[in-house]
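Student: Below is one structure. I have some questions about it.
What follows is calculated from the coordinates using simple rules that are stated; it is not laboratory data. Since the structure is predicted, the reported quantities are computational estimates derived from the model, not experimental observations. Ideal geometry is used to build each Cβ from the backbone, glycine not excepted, and the neighbour counts take in all protein chains shown.
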There are 2 protein chains.
Amino acid sequence: MAIAQFRAPHVADVTDPAAVRRAIRRGDITGHTAGLAPGRVQGNLAILPKDLAADFLRFCTLNPKPCPIIGLSEPGDPAVPSLGADLDIRTDLPRYRVWKDGVMVDEPTDIRSWWRDDLVSFVIGCSFSFEEALIQDGIPMRHIGCNTTVPMWRTNIACAPAGPFAGPMVVSMRPLKPADAIRAVQITSRFPAVHGAPVHLGLPEQIGIRDITKPDYGDPVEVKPDELPVFWACGVTPQSVIAAAKPPFAITHAPGSMLVTDLTNSRIAAL
Amino acid sequence: MAIAQFRAPHVADVTDPAAVRRAIRRGDITGHTAGLAPGRVQGNLAILPKDLAADFLRFCTLNPKPCPIIGLSEPGDPAVPSLGADLDIRTDLPRYRVWKDGVMVDEPTDIRSWWRDDLVSFVIGCSFSFEEALIQDGIPMRHIGCNTTVPMWRTNIACAPAGPFAGPMVVSMRPLKPADAIRAVQITSRFPAVHGAPVHLGLPEQIGIRDITKPDYGDPVEVKPDELPVFWACGVTPQSVIAAAKPPFAITHAPGSMLVTDLTNSRIAAL
């Protein structure tokens, strides 16, 4: 996962989430948000017209492990004050993807020109939060050590459908030694707002993964003989489901360009 | 695991732990205690002379996963009031084993004739408590379904030594589907007083288990292709360590003949 690129030599304070959002808004930070505002929750973004938003909200509610909602806007309102007082969803992510009928038509750094009065923003928890907790506990994340994107697969686990939104759960995989896998279950169980405990471990074929060396998204990582593959529900699930539903209009974040929120990872822990 | 045998046709109330202990004391209940006083904590028993008890207490303190102490007596005192007001450790277990220099010399139903003024009783948590929690959550325990004793192995995980007490951790194994294994980590993490979370899962050879079909203690159970073997630290560890230390004198419970305490399983949960 590439570290955020800094277009300008001086960005005020990359530990302050509001300062990070302002720098992104100005265009001073582009690219990935991994490593910015440590300790703060980052989120996946999905924006849909109001007439589809009700079904999508139902989809997320029915599938909280892959689609944990951490923020929700009023129709047409670019603010999500619960995630940051000054937050403007149209400008505060480094890069967006704009979709029409399931086809990506633009990848802008600002969506003010695409904004509409009927758009509803969904901010969905992301694994950065639980990865930070795992790393702080001394559990290594191989994809971070390798500076690659976590490997992800579409599984045979069907999400509960809602309106046009349906499809398989996407999972991310981290190889861990068995004792670390047990500890990782304990740690990530504390974070239901960012996918929570793993959904599977050890037997990838049971969830429809035929080749552990060939992810459907992201980059492959080695699973060593003394390790188990551990699988978490992944925030790519809602994006995959939106792509399959081919709505007339939708906006998502570009991969790795997440929304940096004011929420602290420690405050979203359940215990 | 054999269900308790009832020698007398009428045992007052097998749900009341004090009544169960009185029935055992009278000789009306013999054999295994599994299934008696549901919801109450049962314990492994180890009794040692005072001059060895300090080292054994240190051993248990250093190895809390296999040796979680739930009760401890004063030297020479057969009471453990924190586990039951009327409890008499000399009469309230269905069967005991008496050891001299590491050799079993008696297997009585009452140890009053063996009692000494220097004996210290250790009551150590047992897996019955967390198995009850797993079963209540809908997670099947194969060895219970098969009415056999849970399979156990000596591992290559060394316990921290204390005085003459040293040796490998013994683990018990329960085969579980991966999603149930994750849930079992969550549930048993709540019970540190009865071995807590698993110590290993999925790769038995990593902890020195060469043949998953041949346990060192207990009976084999099948691990199906869609299951992982999940390993918990086991209360047989202290017994195995005492046997290896060959103390001049020791008393333990006979396998399956546990101490029924007043403690409720729900009250020993950490969360």
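Student: Scan the stretch B:133-145 and give yes if some residue there is surrounded by 20 or more Cβ atoms within 10 Å (Cβ to Cβ), in contact with a Phe, Trp or Tyr (Cβ under 8 Å, 6 or more places away or on another chain) and either assigned to a helix (DSSP H, G or I) or among the aliphatic types (A, V, I, L, M) (or both), otherwise no.
Tutor: No, that holds for no residue.
Student: In the stretch A:45-58, is there at least one residue being in a loop (DSSP other than H, G, I, E, B) and either out of contact with any helix residue (DSSP H, G or I) (no Cβ under 8 Å at 6 or more places or on another chain) or buried (at least 23 other Cβ atoms within 10 Å of the Cβ) (or both)? Outline the logic, then answer.
Tutor: Taking the stretch A:45-58 first, the residues in a loop (DSSP other than H, G, I, E, B) are none.
Checked against the condition, which is being in a loop (DSSP other than H, G, I, E, B) and either out of contact with any helix residue (DSSP H, G or I) (no Cβ under 8 Å at 6 or more places or on another chain) or buried (at least 23 other Cβ atoms within 10 Å of the Cβ) (or both), the stretch A:45-58 yields no hits at all.
Student: I've got another one for you. Take the stretch A:159-196 and flag every residue that is surrounded by fewer than 23 Cβ atoms within 10 Å (Cβ to Cβ) and either at the interface with chain B (Cβ under 9 Å from one of its Cβ atoms) or within 21 Å of residue B:199 (Cα to Cα) (or both).
Tutor: Residues satisfying the conditions are A:175, A:177, A:179, A:180, A:183, A:186, A:187, A:189, A:190, A:196.
Student: Among B:238, B:215, B:229, B:204, which is touching a Leu at 6+ places or on another chain (Cβ under 8 Å) and either of a type in the set (A, V, I, L, M) or more than 9 Å from chain A (Cβ to nearest Cβ) (or both)?
Tutor: Working: B:238 fails: touching a Leu at 6+ places or on another chain (Cβ under 8 Å); B:215 fails: touching a Leu at 6+ places or on another chain (Cβ under 8 Å); B:204 fails: touching a Leu at 6+ places or on another chain (Cβ under 8 Å).
One residue alone meets the criteria, B:229.
Student: Suppose we filter the stretch A:226-271 for residues that are surrounded by 22 or more Cβ atoms within 10 Å (Cβ to Cβ), closer than 22 Å to residue A:111 by Cα, small (Gly, Ala, Ser) and within 11 Å of the chain's Cα centre (by Cα); how many remain?
Tutor: Qualifying residue count for the region: 2.
Student: While we're looking at this one, here's another question. Part of a loop (DSSP other than H, G, I, E, B) and in contact with a Leu (Cβ under 8 Å, 6 or more places away or on another chain): is that true of residue B:160 in this structure? Please lay out each step first, then the result.
Tutor: On the way: part of a loop (DSSP other than H, G, I, E, B): yes; in contact with a Leu (Cβ under 8 Å, 6 or more places away or on another chain): yes.
For residue B:160, the condition - part of a loop (DSSP other than H, G, I, E, B) and in contact with a Leu (Cβ under 8 Å, 6 or more places away or on another chain) - is met.
Student: Quick check on the stretch B:84-111: of everything there that is farther than 28 Å from residue B:164 by Cα and touching a strand residue (DSSP E or B) at 6+ places or on another chain (Cβ under 6 Å), which residue is surrounded by the most Cβ atoms within 10 Å (Cβ to Cβ)?
Tutor: So, considering only residues that are farther than 28 Å from residue B:164 by Cα and touching a strand residue (DSSP E or B) at 6+ places or on another chain (Cβ under 6 Å), the one surrounded by the most Cβ atoms within 10 Å (Cβ to Cβ) is B:94.
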